[in-house]
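Before any comments, here is the structure.
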Amino acid sequence: MIKLTTTTINDLEQIREWIAADPWHNTDAKANPEFLLTGGGELAFCLQDDKGPLCYLRLDAEGDMLRLAIQFAPEDQVSKRRLIIGLIKMGIPAMVLFGKNNGYKGIVFWSINPALIAFGDKQGFKPTEVENDFALVFEAEHNV
């Protein structure tokens, strides 16, 4: 079963370890474990399956969009397959629902990771005019 859970101080050590093992974040001075705690931003949570945490996510308001920050586990702890299943079945739909219910027009993330960009593209995230930003723009509801 895939679920969303709160991110608490009990998760900080794991987040720290995941950041340290992440070649895309381990030298980023802005990669702060406390940033991913529930209560920050518009929404912050841990995506989990039956085996445990898959990733930690945070959404922040940026105009009429939500900016996504995400910390993935090292692949030796969470396989890409587990992660993709969790994101497709629960993570992305939950973020889209939250965004739509709160009046946002979409979700945007920044990345230079080719694998993440390719996955995002398959989920509808397209390049924006801002270099290395990729956005999923929600479809407008049509009134008949």
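The values are calculated or read from the model by the stated rules, or taken from the named source; none is laboratory data. Just so you know, these numbers come straight off a predicted model, no measurement behind them. Please note: Cβ atoms are built from the backbone with ideal geometry, for glycine as well, and neighbour counts cover all protein chains shown.
Residues in region 114-144 that are within 20 Å of HIS25 (Cβ to Cβ) and touching a helix residue (DSSP H, G or I) at 6+ places or on another chain (Cβ under 9 Å): 5 in all. Of the helices (runs of 4 or more DSSP H) lying entirely inside region 30-144, the ones with 1 or more residues being among the acidic types (Asp, Glu) and touching a Phe, Trp or Tyr at 6+ places or on another chain (Cβ under 9 Å) are found at 114-122.
Residue check: is ALA44 over 19 Å from GLU13 (Cβ atoms), among the hydrophobic types (A, V, I, L, M, F, W, C) and modelled with pLDDT of 95 or more? Spell out how you get there, then give the answer.
On the way: over 19 Å from GLU13 (Cβ atoms): no; among the hydrophobic types (A, V, I, L, M, F, W, C): yes; modelled with pLDDT of 95 or more: yes.
Answer is no for this residue.
Listed by first and then second residue, the pairs with beta-carbon distance under 9 Å, at least 6 apart or on different chains, first residue in region 2-20 and among the hydroxyl-bearing types (Ser, Thr, Tyr), second surrounded by fewer than 12 Cβ atoms within 10 Å (Cβ to Cβ), are THR6/GLY39; THR7/GLY39.
Scanning region 17-28 for residues that are outside any loop (DSSP other than H, G, I, E, B) and surrounded by 15 or more Cβ atoms within 10 Å (Cβ to Cβ) gives TRP18, ILE19, ALA21.
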